[in-house]
């Protein structure tokens, strides 16, 4: 049996339901993953309850219209992930091998932002402060050590010839 409710109770229940629905975020982050092609961190965003679109985390953080419709914890998490990604090194050492003619190491380095690899000696890399600052500290130390050893060997050979 249905009970009749007054218009005031009906209006109050409708208003409460509206407040609950309005408090829900319009967009929802469904998944966060690292893209194999670009190496950037991406998020799968659920629009309107059923459409899903992938977007870079840094693009999401910069999009004010999108950020407005996310809940505060999600915004904080995405901002943190974007900051951590920004601090990642741009270059990494893929391979290092000894060259036969000059008795020196040759390094193959790869940028996170491009698909091409560069081949340079540790001495060349250690002289370029801009590139060396874009390596992680362990790789930068390795490059400096290799360049230092090579320079020490050169000095020793020069002193030996004198």
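The values are calculated or read from the model by the stated rules, or taken from the named source; none is laboratory data. None of the values given here were measured: they were computed from a predicted structure. As a convention, Cβ positions derive from the backbone with ideal geometry for all residues, glycine included, and neighbour counts pool all protein chains shown.
Filtering the range 112-137 to residues that are surrounded by 11 or more Cβ atoms within 10 Å (Cβ to Cβ) and not in a loop (DSSP other than H, G, I, E, B) leaves 117, 118, 119, 120, 122, 123, 124, 125, 126, 127, 131, 132.
Does residue 44 qualify as being surrounded by 11 or more Cβ atoms within 10 Å (Cβ to Cβ), at pLDDT 90 or above, at negative phi and not in a helix (DSSP H, G or I)? Walk me through how you get there before you give the answer.
Values: surrounded by 11 or more Cβ atoms within 10 Å (Cβ to Cβ): yes; at pLDDT 90 or above: yes; at negative phi: yes; not in a helix (DSSP H, G or I): yes.
Yes: the conditions hold for residue 44.
Checked against (1) touching a strand residue (DSSP E or B) at 6+ places or on another chain (Cβ under 9 Å); (2) outside any helix (DSSP H, G or I); (3) free of Cβ contacts under 8 Å to residues at least 40 places away in the same chain, residue 70 passes all but a single condition, namely (3). From the list 32, 109, the lone residue that is in contact with a helix residue (DSSP H, G or I) (Cβ under 8 Å, 6 or more places away or on another chain), surrounded by 11 or more Cβ atoms within 10 Å (Cβ to Cβ) and at pLDDT 90 or above is 32.
In the range 1-19, the residues that are outside any loop (DSSP other than H, G, I, E, B) reach residues that are surrounded by 10 or more Cβ atoms within 10 Å (Cβ to Cβ) and at pLDDT below 80 with C-beta atoms within less than 8 angstrom, at least six apart or across chains, in these pairs: 13/5.
Residues that are farther than 21 Å from residue 138 by Cα and not assigned by TED's automatic domain parsing to the domain that holds residue 41 were ranked within the range 80-101; the one that is surrounded by the fewest Cβ atoms within 10 Å (Cβ to Cβ) is 101. The sole residue among 86, 76, 112 that is touching a residue at least 60 places away in the same chain (Cβ under 8 Å) and under 22 Å from residue 40 (Cβ atoms) is 112.
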